[in-house]
1. Given the criterion of a type in the set (A, V, I, L, M, F, W, C) and in a loop (DSSP other than H, G, I, E, B), identify the matching residue among L73, L60.
2. Suppose we filter region 125-158 for residues that are modelled with pLDDT of 95 or more, near ligand 2 (Cβ under 9 Å from one of its atoms) and not in a strand (DSSP E or B); how many remain?
3. Looking at region 140-156 only, could you name the residues that are surrounded by fewer than 19 Cβ atoms within 10 Å (Cβ to Cβ) and touching a Ser or Thr at 6+ places or on another chain (Cβ under 8 Å)?
4. Would you be able to tell me the number of residues in region 16-56 that are within 16 Å of I71 (Cα to Cα) and either in a strand (DSSP E or B) or away from ligand 3 (no atom under 16 Å from the Cβ) (or both)?
5. If you go through region 219-230 one residue at a time, do you hit one that is open to solvent by 60 Å² or more (accessible area, probe 1.4 Å) and modelled with pLDDT of 95 or more?
6. Out of everything in region 1-32 that is within 13 Å of L263 (Cβ to Cβ) and of a type in the set (S, T, N, Q), what residue ends up being nearest to ligand 2 (Cβ to nearest atom)?
7. Quick check on E74: is it open to solvent by 50 Å² or more (accessible area, probe 1.4 Å) and either out of contact with any Gly (no Cβ under 9 Å at 6 or more places or on another chain) or within 15 Å of ligand 2 (Cβ to nearest atom) (or both)?
Amino acid sequence: MKTLLIDAGNSQLKWAILDDDSLLSEQHSQSHQYELPIEVFEKIVSANTDCDSVIMVSVLGGTFSRAANKITLELQMKFIEITSTNKLGKIENGYKDPTKLGADRFVGILSAYYLNNNSESNKTACIVIDSGTATTIDAIDGNGKHLGGVILPGLKLSSESLLQNTELLGLWGNESNEFTPECFSKETTQAIASGCLLGQAGSIEHICNLMEKRIIEQDENSQEKKQENVEIKRVICGGAAESLLPYMQGEYDLHQDLLMFGLKVIKEELSNNV
Ligand SMILES: Nc1ncnc2c1ncn2[C@@H]1O[C@H](COP(=O)(O)OP(=O)(O)O)[C@@H](O)[C@H]1O
Ligand SMILES: CC(C)(COP(=O)(O)O)[C@@H](O)C(=O)NCCC(=O)O
Ligand SMILES: [K+]
């Protein structure tokens, strides 16, 4: 039977269908800027009642989750919500209180790690950037241990907090735009948008470089060092990723359905454990 995978973020709901043969459909997205998130959830679920279960990751809180559970129950679908735990499959959560790590971050690091470590001999560390409402950057070492991460305001959020008028709102809309940042901007809107875009791209790059340096130092000091050089992959997703990438020099793997793949891996891990 088919499974509906849902990622409920602070700006959008993203979803995909996992079929009987474990094939993932393309990812769809719907903003909840003009509707309640639960109304968007209900529409998505109602349009996919050929799925017998829903697996959701959410950062929208308990009221949303309880309402989502009720809707799926009424439609006679099984409902599973993935939350951050101390360990899941090959992943160990690095937060002091593992339950406090955003569930989307937990699924994102798990996904990036599994994507880059598909054989026993692989020990690829990953830096995972999710540039959504907030931008989160997390590191996971070659053994699957989450090292921690940072949270910064997302691209739209940072420009909105600077300029409280609607002119700029259109700039970071949901459609891709032709905007080119200019470091010698000569009017306010362009100066703010350019500052936020170049600043966000530079911040991500800088933080990734710092994280990479720390991962290498940690590997050099490790007693169980087995490889010559530690391999580190940078994986990026989120609504602002395509806008940011042209202004970042490092090598980044763009995986817009990173969380969908993570939910698929988690489904497989959970069914292996029953
Ligand atoms: N073309 C774009 N350029 C920059 N940012 C964009 C663009 N399109 C969407 N965004 C931003 O991406 C965010 C939504 O991305 P998403 O990853 O779905 O976030 P969340 O997971 O927080 O819901 C919004 O803040 C939106 O404004
Ligand atoms: C940092 C976040 C707000 C990001 O949410 P998003 O931008 O994906 O909507 C979310 O992961 C969250 O609520 N985290 C809980 C706090 C933490 O991770 O430390
Ligand atoms: K995010």
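1. L60
2. The qualifying residues number 3.
3. Residues satisfying the conditions are V150, I151, L152, P153.
4. 20
5. Within region 219-230, none of the residues are open to solvent by 60 Å² or more (accessible area, probe 1.4 Å) and modelled with pLDDT of 95 or more.
6. Looking at the filtered set, the residue picked out is Q27.
7. The answer is yes for E74.
Every residue, every condition in (1) among the acidic types (D, E); (2) out of contact with any Asp or Glu (no Cβ under 6 Å at 6 or more places or on another chain); (3) open to solvent by less than 50 Å² (accessible area, probe 1.4 Å), yes or no:
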residue: E92; (1), (2), (3): yes, yes, no
residue: K96; (1), (2), (3): no, yes, no
residue: T99; (1), (2), (3): no, yes, no
residue: I127; (1), (2), (3): no, yes, yes
residue: D138; (1), (2), (3): yes, yes, yes
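The values are calculated or read from the model by the stated rules, or taken from the named source; none is laboratory data. All values reported here derive from a predicted model rather than from experimental measurement. All Cβ positions, even for glycine, are placed from backbone atoms using ideal geometry, and neighbour counts span all protein chains on display. Each accessible area value is taken on the protein alone, full model and side chains, heavy atoms only, with ligands, DNA and RNA left out. Shrake-Rupley method; radii C 1.70, N 1.55, O 1.52, S 1.80 Å.
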